[in-house]
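Working notes for the structure below.
The values are calculated or read from the model by the stated rules, or taken from the named source; none is laboratory data. Since this is a predicted model, take the numbers as computed values, not measurements. When we count neighbours, we look across all protein chains shown, and the Cβ atoms used for this are built from the backbone with ideal geometry, even at glycine. Remember, those area values only see protein heavy atoms, side chains included, never the ligands or the DNA or RNA. Shrake-Rupley method; radii C 1.70, N 1.55, O 1.52, S 1.80 Å.
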Amino acid sequence: QVQLVESGGGLVQPGGSLRLSCAASGSIRSINNMGWYRQAPGKQRELVARIFTSAATLYADSVKGRFTISRDNDKNTVYLQMNSLKPEDTGVYYCNVNVVKLYGLGPSIVWGQGTQVTVSP
(Lines give C-alpha, C1' and ligand atoms only; values in the text may rest on other atoms or scores of the structure.)
Protein backbone atom coordinates (compact mmCIF):
# COMPACT_ATOMS: atom_id res chain seq x y z
CA GLN A 1 0.00 0.00 0.00
CA VAL A 2 1.23 3.47 -0.92
CA GLN A 3 0.05 6.67 0.69
CA LEU A 4 0.40 10.26 -0.43
CA VAL A 5 0.16 13.04 2.11
CA GLU A 6 -0.35 16.56 0.80
CA SER A 7 0.14 19.82 2.62
CA GLY A 8 0.63 23.52 1.99
CA GLY A 9 -2.74 24.64 0.70
CA GLY A 10 -4.58 27.62 2.06
CA LEU A 11 -6.02 31.05 1.41
CA VAL A 12 -3.85 33.66 -0.26
CA GLN A 13 -4.34 37.03 -1.92
CA PRO A 14 -3.71 37.55 -5.63
CA GLY A 15 -0.01 37.89 -6.28
CA GLY A 16 0.85 35.79 -3.27
CA SER A 17 2.68 32.49 -3.06
CA LEU A 18 2.13 29.01 -1.72
CA ARG A 19 4.28 25.91 -1.63
CA LEU A 20 2.60 22.54 -1.83
CA SER A 21 4.28 19.32 -0.84
CA CYS A 22 3.36 15.68 -1.33
CA ALA A 23 5.19 12.88 0.43
CA ALA A 24 4.86 9.27 -0.63
CA SER A 25 5.29 6.41 1.80
CA GLY A 26 4.60 2.71 2.04
CA SER A 27 5.60 -0.29 -0.02
CA ILE A 28 7.54 1.55 -2.68
CA ARG A 29 10.13 0.01 -4.94
CA SER A 30 10.69 3.11 -7.02
CA ILE A 31 8.95 6.27 -8.14
CA ASN A 32 8.73 7.34 -11.74
CA ASN A 33 6.88 10.50 -12.72
CA MET A 34 5.20 12.80 -10.23
CA GLY A 35 2.83 15.63 -10.81
CA TRP A 36 0.15 18.01 -9.68
CA TYR A 37 -3.40 18.33 -10.93
CA ARG A 38 -6.14 20.71 -9.95
CA GLN A 39 -9.89 20.84 -10.16
CA ALA A 40 -12.01 23.95 -9.90
CA PRO A 41 -15.72 23.74 -9.05
CA GLY A 42 -17.69 22.69 -12.11
CA LYS A 43 -14.58 21.95 -14.15
CA GLN A 44 -12.62 18.86 -15.08
CA ARG A 45 -9.43 17.95 -13.33
CA GLU A 46 -6.47 19.27 -15.29
CA LEU A 47 -2.75 18.80 -15.33
CA VAL A 48 -0.80 21.60 -13.67
CA ALA A 49 2.75 20.30 -13.77
CA ARG A 50 4.66 17.08 -14.08
CA ILE A 51 8.24 16.11 -13.35
CA PHE A 52 9.98 13.08 -14.75
CA THR A 53 12.78 10.88 -13.48
CA SER A 54 15.19 12.81 -15.68
CA ALA A 55 14.09 15.99 -13.86
CA ALA A 56 12.53 17.28 -17.06
CA THR A 57 9.30 19.15 -16.40
CA LEU A 58 6.01 19.83 -18.10
CA TYR A 59 3.66 22.70 -17.28
CA ALA A 60 0.22 23.78 -18.27
CA ASP A 61 0.37 26.95 -20.35
CA SER A 62 -1.65 28.79 -17.74
CA VAL A 63 1.02 28.36 -15.05
CA LYS A 64 4.25 28.59 -17.02
CA GLY A 65 6.62 31.12 -15.55
CA ARG A 66 4.71 31.22 -12.27
CA PHE A 67 4.80 27.66 -10.91
CA THR A 68 7.80 25.43 -10.36
CA ILE A 69 7.65 21.71 -9.73
CA SER A 70 10.54 19.91 -8.06
CA ARG A 71 11.27 16.61 -6.37
CA ASP A 72 13.39 15.20 -3.59
CA ASN A 73 14.02 11.57 -4.43
CA ASP A 74 15.55 10.78 -1.04
CA LYS A 75 12.34 11.90 0.65
CA ASN A 76 9.94 10.58 -2.00
CA THR A 77 8.46 14.05 -2.10
CA VAL A 78 7.26 16.34 -4.85
CA TYR A 79 6.77 20.08 -4.43
CA LEU A 80 4.91 22.78 -6.24
CA GLN A 81 6.05 26.34 -5.71
CA MET A 82 3.27 28.68 -6.79
CA ASN A 83 4.06 32.35 -7.27
CA SER A 84 2.05 35.28 -8.62
CA LEU A 85 -1.15 33.45 -7.81
CA LYS A 86 -4.34 34.45 -9.56
CA PRO A 87 -7.99 33.86 -8.68
CA GLU A 88 -8.13 31.47 -11.63
CA ASP A 89 -5.68 29.22 -9.77
CA THR A 90 -8.31 28.46 -7.15
CA GLY A 91 -9.19 24.81 -6.82
CA VAL A 92 -8.36 21.54 -5.16
CA TYR A 93 -4.84 20.44 -5.95
CA TYR A 94 -4.08 16.75 -6.15
CA CYS A 95 -0.73 15.07 -6.07
CA ASN A 96 -0.25 12.27 -8.57
CA VAL A 97 2.54 9.71 -8.47
CA ASN A 98 3.51 6.95 -10.86
CA VAL A 99 4.99 4.38 -8.50
CA VAL A 100 6.32 0.84 -8.72
CA LYS A 101 5.17 -1.00 -5.62
CA LEU A 102 7.26 -3.62 -3.86
CA TYR A 103 4.84 -6.41 -4.72
CA GLY A 104 3.36 -4.98 -7.88
CA LEU A 105 3.80 -6.23 -11.41
CA GLY A 106 4.30 -2.77 -12.81
CA PRO A 107 3.71 0.93 -12.25
CA SER A 108 0.59 2.13 -10.51
CA ILE A 109 -1.04 5.54 -10.27
CA VAL A 110 -1.62 6.89 -6.78
CA TRP A 111 -3.53 10.06 -5.92
CA GLY A 112 -3.27 12.29 -2.90
CA GLN A 113 -6.30 13.38 -0.92
CA GLY A 114 -6.27 16.90 -2.33
CA THR A 115 -5.54 20.24 -0.74
CA GLN A 116 -7.59 23.39 -1.20
CA VAL A 117 -5.98 26.46 -2.71
CA THR A 118 -8.04 29.63 -2.66
CA VAL A 119 -6.83 32.86 -4.23
CA SER A 120 -9.08 35.75 -3.32
CA PRO A 121 -8.78 39.45 -2.45
Could you check how many residues of segment 64-109 are touching a Lys or Arg at 6+ places or on another chain (Cβ under 9 Å) and closer than 23 Å to residue 32 by Cβ? 17
Which of the residues spanning segment 90-106 are part of a strand (DSSP E or B) and of a type in the set (Ser, Thr, Tyr)? 93, 94
Kindly indicate whether residue 92 is touching a Ser or Thr at 6+ places or on another chain (Cβ under 9 Å) and modelled with pLDDT under 95. no
Among (1) among the aliphatic types (A, V, I, L, M); (2) more than 13 Å from residue 118 (Cα to Cα); (3) open to solvent by 30 Å² or more (accessible area, probe 1.4 Å), there is one condition residue 11 misses while meeting the rest; what is its number? (2)
Of the conditions (1) more than 18 Å from residue 113 (Cα to Cα); (2) surrounded by fewer than 15 Cβ atoms within 10 Å (Cβ to Cβ); (3) of a type outside the set (S, T, N, Q); (4) in contact with a strand residue (DSSP E or B) (Cβ under 7 Å, 6 or more places away or on another chain), the single one that residue 19 does not satisfy is (1)
Any residue in segment 29-45 that is small (Gly, Ala, Ser), under 20 Å from residue 118 (Cα atoms) and either free of Cβ contacts under 8 Å to residues at least 24 places away in the same chain or open to solvent by 60 Å² or more (accessible area, probe 1.4 Å) (or both)? yes
When you go through (1) under 13 Å from residue 97 (Cβ atoms); (2) basic (Lys, Arg); (3) at pLDDT 95 or above one by one for residue 29, which number turns out not to apply? (3)
For segment 32-56, give me each residue that is of a type in the set (Val, Ile, Thr) and at pLDDT below 95. 53
Members of segment 67-93 found to be open to solvent by 40 Å² or more (accessible area, probe 1.4 Å) and either under 18 Å from residue 26 (Cβ atoms) or over 15 Å from the mean Cα position of the chain (by Cα) (or both), listed by number: 71, 72, 73, 74, 75, 76, 84, 86, 87, 88
Go through (1) touching a helix residue (DSSP H, G or I) at 6+ places or on another chain (Cβ under 9 Å); (2) surrounded by 16 or more Cβ atoms within 10 Å (Cβ to Cβ) and name the single condition residue 121 misses. (2)
Starting from segment 98-113, keep only residues that are at pLDDT 95 or above, then list their pairs with residues that are open to solvent by 30 Å² or more (accessible area, probe 1.4 Å) and aromatic (Phe, Trp, Tyr) whose Cβ atoms are within a distance under 9 Å, requiring at least 6 positions of separation or different chains. 111/37; 111/94; 112/94; 113/94
